[in-house]
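> I'd like to ask you about the structure that follows.
The values are calculated or read from the model by the stated rules, or taken from the named source; none is laboratory data. Source: prediction; values computed, not measured. FYI the Cβ positions are ideal-geometry reconstructions off the backbone, even for glycines, and counts take in every protein chain you see. Ligands, DNA and RNA are stripped out before the accessible areas are found, and what is left, the full protein with its side chains, is counted by its heavy atoms. Shrake-Rupley method; radii C 1.70, N 1.55, O 1.52, S 1.80 Å.
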Amino acid sequence: MSDASPELLDPVVRLLRLADRPDDLRVLAPGYQREILWWLINGDQGALVRQIGLVDGNLAHISRGIRWIREHYREQLTVTDLAELCGMSASSFHRHFRAATSMTPVQFQKQIRLQTARTLLMTRSGNVAEIGYFVGYESPSQFSREYRKVFGASPGRDAAQLSAMGQDGHDGQDVARPRELVDEPA
């Protein structure tokens, strides 16, 4: 984050003043927009703005990796395969991924798995082990250990606490029965 310079604010204000004058806007807006872009790419955040504008830039590659992890969080993940999918070397992918998310790809996947598991524990019937397997964990003990580390309670205890809080907020009315665990979360 940085403060907007007077050079940047001037064309922004001029553009906004044209908002209710469509004929002037149609002619003048492209020039103002070019000027705004010029000040952005040459300002304090210029490197980031230039990176965002590159179709094949590192952020575009990392975005592809993030999307893959979100869609395939249940699958086994190797940084090498993910980097290859994104067209980057493993070391470069890992470094840029961490810079963009403040996590490693494996940590990011764990967060997605654990957040999904927590949602399932609250909204679906099924035991803790089934939900752990469903989100991609190979052993119930590993799932419980990592869940407790992130949420401060075992999956079963956390689900009971969250369920009790949810029931308290329903003015004594019955809470709908959770749906059964199926192959994909709804």
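> Compute the accessible area per residue over segment 38-155, keeping the other protein chains in place, probe 1.4 Å, unit Å².
That works out to 56 Å² for each residue.
> Between H72 and D44, how many nm apart are label points set 7 Å from Cα along the C-beta direction?
About 4.0 nm separates the two model spin labels.
> Report ³J(HN,Hα) in whole Hz for each residue of segment 105-116, in order, from the Karplus equation J = 6.51 cos²θ - 1.76 cosθ + 1.60 where θ = phi - 60°; Gly and Pro get x.
Running phi through 6.51 cos²θ - 1.76 cosθ + 1.60 with θ = phi - 60° gives x, 5, 4, 4, 4, 4, 4, 4, 4, 5, 5, 5 Hz.
> Continuing with the same structure: With a 1.4 Å probe and all protein chains left in place, how much of the accessible area of segment 1-142 comes from carbon and sulfur atoms, in whole percent?
56 percent
> Now for a different question. Taking a 1.4 Å probe, which of M165, M103, M88 shows the most accessible area, and what order do the others take after it?
Sorted descending by solvent-accessible area, the residues read M165, M103, M88.
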